[in-house]
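Student: Let me begin by handing over the structure; questions about it come next.
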Amino acid sequence: MYDVIVVGQGLTGLLSAIVARKQNKKVALVAKGTGKMLQSTGLMDLVPGSNKDFSQWMELYGLSNREKITVKDAINEFKRLTEKIGYEYVGDVDKLANVVTSSGHLKSTALYPKTITPIPEKGRIVIVGFNEIVDFQPEFLKGNLQKERPNLQIKTMSVSLGKDSQRTLTQLDAARVLDEKDNREQILRQIKEKMKTEFTDGVDLFIFPAALGVQQWEKVHSQFCSELKAMVTEAPGLPPNATAIRLHERLRKEAIKLGVRFYTDTEVNGFSKKGTINEITIKMNNRNAKLESQHLLICTGGILGGGLEQTAKGLKETTLQLSVNKEGAYVDLPDHVYPVGASLGTNVIHYGITGGIYSVVSSYLTNLQIERSDMRGLQRA
Ligand SMILES: Cc1cc2nc3c(=O)[nH]c(=O)nc-3n(C[C@H](O)[C@H](O)[C@H](O)COP(=O)(O)OP(=O)(O)OC[C@H]3O[C@@H](n4cnc5c(N)ncnc54)[C@H](O)[C@@H]3O)c2cc1C
């Protein structure tokens, strides 16, 4: 029997499993898919697609002022975790940063990896595209960015990754190409060659697709900064973005390293209570099996993650077959069952998406709740 079973391996599920394991719980994670993080930019927004500030975000998620300190603890814990796993996030929920996306629009975000630099008001910028990537068009990006930042001097260039392929490459393909030293060097040679003739006044910031390495991102980023003698940022856009893949891969690796037992390609399709114990039915390799736990965390992503389904009769909860209201929020939740992240229902999503900060905070708060419940149990015993 497990102390904690987490259902779902999106950002919420992975973080929940890691936090529970750090509290020395015996943890299993069951998931049938990968989670929406792989489709995201890898930026941790308060409310994606909006400029809502931290106070407005607290209000949106029904958090009281008293909980502010705990929310900040959750964010600091996330920053420490990302540093430990070798993909550090920086930034502040109180002071949102303006970062550029691959469409050239500025986006407010709270936390971002070190490969991202917020866009200044003034300065000389060069946008570098790769011929093989069609999702990132430097001239298009320039047009939009110039409207938002009229005082920037922006130029563009395109270079080749030098890889023949029968299809166009994605940001992730390019990132894997850049993991190789020889490839980086030939790309830097092309950029420097163009700089000699076309970009003679110096550059403050280079903008690239979100493709500056996966495993070797630190080497790629620092080599590009030092050889190009300027700051370098990635501009995430259409998935797959290396900015998000790096985080997902590292969180999964960390969870495995800490001893979380993974059941992947596995669907949870039933639930019952045996006294205080939660029992779930899992479908793995076309075979049903049962797992038991003291605590059950539902991190199934709500309407976008598959945890909720829209039917003719309204929203239906697909994982535990429990009742939900018209917003998809659980009614009469059994003891020791906790919806976390986007599985809290449609009232926690905005433009159809829950921001990464909510996943960070709700996974931390739920584990605190579990700790308190276990303490009360111990005191009674
Ligand atoms: C297209 C897109 C872009 C985004 N971009 C951003 C962004 O730029 N910045 C930002 O801050 N946030 C972004 N987000 C949101 C961010 O990734 C959220 O934090 C996230 O979607 C919510 O995470 P989650 O872990 O709660 O759910 P999900 O990521 O949806 O994960 C749900 C998990 O549960 C599993 N699951 C569901 N049902 C079952 C079942 N019955 N049995 C087993 N497993 C099950 C799923 O397969 C999956 O693994 C984006 C989201 C989307 C969809």
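The values are calculated or read from the model by the stated rules, or taken from the named source; none is laboratory data. Since the model is a prediction, treat every value here as computed from it, not as a measurement. Backbone-built Cβ (ideal geometry, glycine too); neighbour counts: all protein chains shown. With ligands, DNA and RNA removed, areas are computed over all heavy atoms of the protein, side chains included. Shrake-Rupley method; radii C 1.70, N 1.55, O 1.52, S 1.80 Å.
Student: Quick test of your reading of the structure: Ala210 fulfils all but one of (1) open to solvent by 80 Å² or more (accessible area, probe 1.4 Å); (2) modelled with pLDDT of 95 or more. Name the failing condition by number.
Tutor: Every listed condition holds for Ala210 apart from (1).
Student: Still on this structure: When the stretch 144-172 is examined, which residues are found to be more than 17 Å from Glu234 (Cβ to Cβ), open to solvent by less than 70 Å² (accessible area, probe 1.4 Å) and outside any loop (DSSP other than H, G, I, E, B)?
Tutor: We begin by selecting, within the stretch 144-172, every residue more than 17 Å from Glu234 (Cβ to Cβ); these are 146-153, 155, 160, 162-168.
Those left that are additionally open to solvent by less than 70 Å² (accessible area, probe 1.4 Å): 146, 149, 152, 160, 162, 165.
If the condition is that a residue be more than 17 Å from Glu234 (Cβ to Cβ), open to solvent by less than 70 Å² (accessible area, probe 1.4 Å) and outside any loop (DSSP other than H, G, I, E, B), then Gln146, Leu152 are the ones that fit.
Student: Would you pick out the residues in the stretch 241-297 that are out of contact with any Lys or Arg (no Cβ under 9 Å at 6 or more places or on another chain), among the basic types (Lys, Arg) and touching a residue at least 60 places away in the same chain (Cβ under 8 Å)?
Tutor: Across the stretch 241-297, the qualifying residues are Arg246, Arg250, Arg252, Lys253, Lys273.
Student: Now, a different point. Filtering the stretch 242-270 down to residues that are touching a Pro at 6+ places or on another chain (Cβ under 8 Å) and not charged (D, E, K, R), which residue is nearest to Val203 (Cα to Cα)?
Tutor: So in the stretch 242-270, the residues touching a Pro at 6+ places or on another chain (Cβ under 8 Å) come out as 243-244, 246-247.
This time we only want the ones that are not charged (D, E, K, R), so: 243-244, 247.
Values: Thr243: 24, Ala244: 27, Leu247: 29 Å.
Here the residue is Thr243.
Student: Quick check, is Tyr364 buried (at least 19 other Cβ atoms within 10 Å of the Cβ), out of contact with any Lys or Arg (no Cβ under 9 Å at 6 or more places or on another chain) and in a strand (DSSP E or B)? Working first, answer last.
Tutor: Values: buried (at least 19 other Cβ atoms within 10 Å of the Cβ): yes; out of contact with any Lys or Arg (no Cβ under 9 Å at 6 or more places or on another chain): yes; in a strand (DSSP E or B): no.
Against the criterion (buried (at least 19 other Cβ atoms within 10 Å of the Cβ), out of contact with any Lys or Arg (no Cβ under 9 Å at 6 or more places or on another chain) and in a strand (DSSP E or B)), Tyr364 does not qualify.
Student: Any residue at all in the stretch 336-356 that's farther than 18 Å from Lys52 by Cβ, more than 16 Å from the ligand (Cβ to nearest atom) and not hydroxyl-bearing (Ser, Thr, Tyr)?
Tutor: Checking the stretch 336-356: at least one residue is farther than 18 Å from Lys52 by Cβ, more than 16 Å from the ligand (Cβ to nearest atom) and not hydroxyl-bearing (Ser, Thr, Tyr).
Student: In the stretch 272-305, how many are open to solvent by 30 Å² or more (accessible area, probe 1.4 Å) and within 12 Å of the ligand (Cβ to nearest atom)?
Tutor: 5
Student: Look at the stretch 101-118 and say how many of its residues are away from the ligand (no atom under 13 Å from the Cβ) and buried (at least 22 other Cβ atoms within 10 Å of the Cβ).
Tutor: Of the residues in the stretch 101-118, 2 are away from the ligand (no atom under 13 Å from the Cβ) and buried (at least 22 other Cβ atoms within 10 Å of the Cβ).
Student: Now, a different point. How about the stretch 306-335: which of its residues are in a strand (DSSP E or B), more than 10 Å from the ligand (Cβ to nearest atom) and surrounded by fewer than 17 Cβ atoms within 10 Å (Cβ to Cβ)? Working first, answer last.
Tutor: Of the stretch 306-335, the ones in a strand (DSSP E or B) are 308-311, 314-317, 324, 330.
Still in the running and more than 10 Å from the ligand (Cβ to nearest atom): 310-311, 314-316, 324, 330.
Residues satisfying the conditions are Gln310, Thr311, Gly314, Lys316.
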